[in-house]
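Chemist: After the structure tokens below, expect a handful of questions from me.
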Amino acid sequence: MHPVASRIAFLAGGPLSFVLSLWSRVTLATVRLEVTGPGLEGPAIFVHWHAYLPLVMPLLGRRRAWLLTSAAPHMEAIARWAERSGLRLIRGASGENGKAAFRALEQALRDGGSVELAVDGPAGPVHVAKPGCVALAAATGVPLVGVRYAGSMQFVTLRRWDRQVLVLPFSRVRVETFLIPLDAAAEAAAQLAVVQAALLAAEQKV
């Protein structure tokens with residue numbers, strides 16, 4: 001990104017994050033929320049498609065989870081929105097302080113925290129899981145928990161690469177969590193295939 005464009009993106013991040021955070025708070029305060037799935041006691045690695053960031057961020061912000069997000073200037077609004085939602089941030093991505101970010105995530109889990117990963121982020125391809133989640137689970141022994149949601153009133157941002165799902169205030173929202181069991185003896189590629197299949201299968205549910 002051009003330095004001037006980077007600076008503009010950074011400066012715009014504050015006001016934009018405020019608007020997004022306000023939208024999150026109004027939405028959570030007015031929706032009728034139903035959460036189904038396993039109990040979520042103790043640390044977990046929450047994995048979901050990038051499309052579900054808008055509501056999963058504030059929900060996991062309530063438990064002060066850690067979120068991995070890119071340090072790129074154009075991601076500044078998302079990073080500040082996440083912080084305003086209560087999440088703690090680890091900045092980095094594959095090829096971008098990736099090893100340091102992985103170590104920070106690992107330590108957060110060992111300290112008893114939980115981690116949120118949008119596994120097809122930060123830039124796609126859509127619905128293609130990246131291997132960091134299985135590597136993190138293997139390194140820590142912390143379970144993977146899939147997350148998705150659907151609202152009675154929602155719209156999908158088809159012009160975005162991730163097709164973000166935005167629920168509207170006063171709608172009924174069903175949030176589903178589901179354990180993704182991994183065979184510790186399996187190779188990483190096979191474990192990733194399990195994650196991919198579980199997240200895709202969840203998309204078929206209403």
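Chemist: Name the shape class, rounded, prolate or oblate, that the alpha-carbon gyration tensor gives for segment 124-171, where a ≥ b ≥ c are the square roots of its eigenvalues, rounded holds for a/c under 1.5, and otherwise prolate holds if a/b is larger than b/c and oblate otherwise. Walk me through the numbers on the way to the answer.
Modeler: Details: a/c = 5.16, a/b = 1.82, b/c = 2.83.
In terms of gyration-tensor shape, oblate.
Chemist: Next up: Averaging sequence separations of C-alpha pairs under 8 Å and six or more residues apart, then dividing by the length of segment 139-188, give the relative contact order as a whole percent.
Modeler: Contact order relative to length: 43 percent.
Chemist: For segment 54-206, taking Cα atoms only, what is the radius of gyration to one decimal and the Dmax to the nearest whole Å?
Modeler: Spelled out, the Cα radius of gyration and Dmax of segment 54-206 are 15.3, 46 Å.
Chemist: A further question follows. Report, in whole Å, the centroid distance computed from the Cα atoms of segment 98-137 and segment 142-206.
Modeler: 15
Chemist: What list of ³J(HN,Hα) couplings, whole Hz, do you get for segment 27-35 from phi and the Karplus terms 6.51, -1.76, 1.60, once you set θ to phi - 60° and write x for glycine and proline?
Modeler: 4, 5, 6, 10, 6, 9, 9, 10, 10
Chemist: How high is the relative contact order of segment 3-202, given as a whole-number percent (alpha carbon pairs under 8 Å, six or more residues apart)? Can you show the working numbers first?
Modeler: Details: 374 pairs, mean separation 56.5, N = 200.
About 28 percent, as a whole number.
Chemist: Using just the helices of the chain, give the 222 nm mean residue ellipticity in deg cm²/dmol: DSSP H runs with n ≥ 4 each add -39,500 (n - 2.57), and the total is spread over all residues, rounded to 500. Could the numbers behind the result be given before it?
Modeler: Values: 6 runs with 83 residues, N = 206.
So the calculated ellipticity at 222 nm is -13000 deg cm²/dmol.
Chemist: Nearest-5 percent of antiparallel DSSP beta bridges in segment 3-202?
Modeler: So the antiparallel bridges amount to about 40 percent of the total.
Chemist: Continuing with the same structure: What ranking of Lys99, Lys130 emerges when the number of other C-beta atoms within 10 Å of each C-beta is taken as an exposure proxy, fewest first?
Modeler: Exposure proxy ranking, most exposed first: Lys99, Lys130.
Chemist: Given a Förster distance of 30 angstrom, what is the FRET efficiency for Leu179 paired with Val128, based on the Cβ-Cβ distance and rounded to 0.05?
Modeler: Calculated transfer efficiency: 0.90.
Chemist: For segment 131-147, just list the computed ³J(HN,Hα) in residue order, Karplus coefficients 6.51, -1.76 and 1.60, θ = phi - 60°, integers in Hz, with x standing in for Gly and Pro.
Modeler: x, x, 5, 6, 5, 5, 5, 5, 6, 10, x, 7, x, 8, 10, x, 9
Chemist: Report ³J(HN,Hα) in whole Hz for each residue of segment 55-71, in order, from the Karplus equation J = 6.51 cos²θ - 1.76 cosθ + 1.60 where θ = phi - 60°; Gly and Pro get x.
Modeler: With coefficients 6.51, -1.76 and 1.60, one gets 9, 5, 4, x, 5, 6, x, 5, 9, 6, 5, 9, 10, 8, 9, 5, 8 Hz.
Chemist: Between Gly132, Gly146, Gly121, which gets the highest mean-square fluctuation from a Gaussian network model of the chain, Cα cutoff 10 Å?
Modeler: Its mean-square fluctuation being the largest, the pick is Gly132.
Chemist: While we're looking at this one, here's another question. At a 10 angstrom cut-off on C-beta neighbours, averaged per residue, how do the peptides 24-35, 179-190 rank from highest to lowest? Spell out each step's value before the answer.
Modeler: Numbers: 24-35: 14.7, 179-190: 12.2.
Descending mean neighbour count gives 24-35, 179-190.
Read the figures in this text as sums done on the coordinates, not as results from a lab. Keep in mind it's a predicted model, so treat the numbers as computed, not measured. Reconstructed Cβ throughout: ideal geometry from the backbone, glycine too, with neighbour counts over all protein chains shown.
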